[in-house]
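So the structure is just underneath, and the comments pick up after that.
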Amino acid sequence: MISGTFRAVVTATAAAGIGITAFGDRSLLVITVAGIAALFAIGWPTLLELPARRGAVVVLALTGGAAIAALLVWNDLLYVAVVLGVGVVAAFVRELVRRDGRPRLLESVSGVVTGAVVMASAAGWLAIGTGQVSVGLLLVGAVTLTVSSACTALPIPGWFGSATTIVLGCASGLLVGWAR
């Protein structure tokens with residue numbers, strides 16, 4: 001099993017990648033978000049130890065890819081919501097075609113549906129648009145997520161670690177937003 005520290009570093013790196021590519025061409029941001037979505041689709045079923053992981057990866061990857069494509073084609077989050085609805089239906093259909101006796105059915109469905117929500121939300125990074133204000137918004141979100149993820153890797157126990165993560169994450173976002 002992968003440690004929480006490793007997951008925190010990967011998350012911080014991915015968020016930093018979004019922050020860095022926000023300054024470049026939009027296609028770089030699209031590639032970065034699609035890459036992160038692909039990593040999530042592969043890692044989420046393993047993290048949750050879902051049964052029949054291969055099917056979960058397929059549903060999540062298709063949901064993420066379709067959400068990003070829908071946003072790029074129509075530039076409207078309405079179609080991303082439609083993709084999410086289809087992804088939820090696909091999670092149930094996936095369970096119907098499983099041939100392993102369907103152990104842990106509830107955990108499997110809820111895990112894939114939750115993953116589909118996260119995958120559709122990935123398109124939100126792209127929905128912000130282009131321009132200086134959009135870059136600032138992307139940067140604030142990416143820095144806040146990077147700092148918060150990095151804080152979870154620190155060996156601070158209990159509620160104090162949670163409070164530290166919240167305070168430093170919010171402070172970093174506020175600082176970047178103010179400076180930008």
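The values are calculated or read from the model by the stated rules, or taken from the named source; none is laboratory data. Keep in mind that what you see is a predicted model, and the values were worked out from it rather than measured. Every residue, glycine as well, gets a Cβ built from its backbone with ideal geometry; the counts of neighbours run over all protein chains shown. These area figures cover heavy atoms from the full protein model, side chains too; ligands, DNA and RNA do not enter into them. Shrake-Rupley method; radii C 1.70, N 1.55, O 1.52, S 1.80 Å.
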### Query
If we only count helices (runs of 4 or more DSSP H) wholly inside region 110-180, which ones have 2 or more residues that are closer than 26 Å to ALA61 by Cα, out of contact with any Leu (no Cβ under 9 Å at 6 or more places or on another chain) and of a type in the set (A, V, I, L, M, F, W, C)?
132-152
### Query
Picking from THR21, THR63, which residue would you name as being closer than 21 Å to ALA142 by Cα and among the hydroxyl-bearing types (Ser, Thr, Tyr)?
THR21
### Residue satisfying condition, being open to solvent by less than 80 Å² (accessible area, probe 1.4 Å), touching a residue at least 12 places away in the same chain (Cβ under 8 Å) and of a type outside the set (Ser, Thr, Tyr), within set GLY129, GLY173, GLY158
GLY173
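Matching residues to (1) of a type outside the set (Val, Ile, Thr); (2) more than 18 Å from ALA120 (Cβ to Cβ); (3) free of Cβ contacts under 8 Å to residues at least 12 places away in the same chain; (4) open to solvent by 30 Å² or more (accessible area, probe 1.4 Å):
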residue	(1), (2), (3), (4)
ARG7	yes, yes, no, yes
THR11	no, yes, no, yes
GLY24	yes, yes, yes, yes
ALA38	yes, no, no, yes
ILE42	no, no, no, yes
PRO51	yes, yes, no, no
ALA66	yes, no, no, yes
TRP74	yes, no, yes, yes
VAL89	no, no, yes, yes
### Query
Among the listed residues ALA142, ALA150, which satisfies the condition of being within 20 Å of the chain's Cα centre (by Cα), closer than 20 Å to ARG7 by Cα and open to solvent by 40 Å² or more (accessible area, probe 1.4 Å)?
ALA150
## Note on the structure
Of the candidates GLY35, GLY101, GLY87, GLY64, the one satisfying the condition of being small (Gly, Ala, Ser) and in a loop (DSSP other than H, G, I, E, B) is GLY101
### Query
So which residues in region 39-61 are on the phi < 0 side of the Ramachandran plot and outside any helix (DSSP H, G or I), if there are any at all?
LEU48, LEU50, PRO51
#### Entry: Among (1) under 20 Å from GLY55 (Cα atoms); (2) at pLDDT 90 or above; (3) hydrophobic (A, V, I, L, M, F, W, C); (4) surrounded by fewer than 20 Cβ atoms within 10 Å (Cβ to Cβ) - the single one VAL112 does not satisfy
(4)
### Unique match (being closer than 23 Å to PHE6 by Cα and either in contact (Cβ under 8 Å) with a residue 24 or more places away in the chain or open to solvent by less than 80 Å² (accessible area, probe 1.4 Å) (or both)) among VAL135, VAL118, VAL97
VAL118
### Query
ALA70: in a helix (DSSP H, G or I), buried (at least 21 other Cβ atoms within 10 Å of the Cβ) and modelled with pLDDT under 95, yes or no?
no
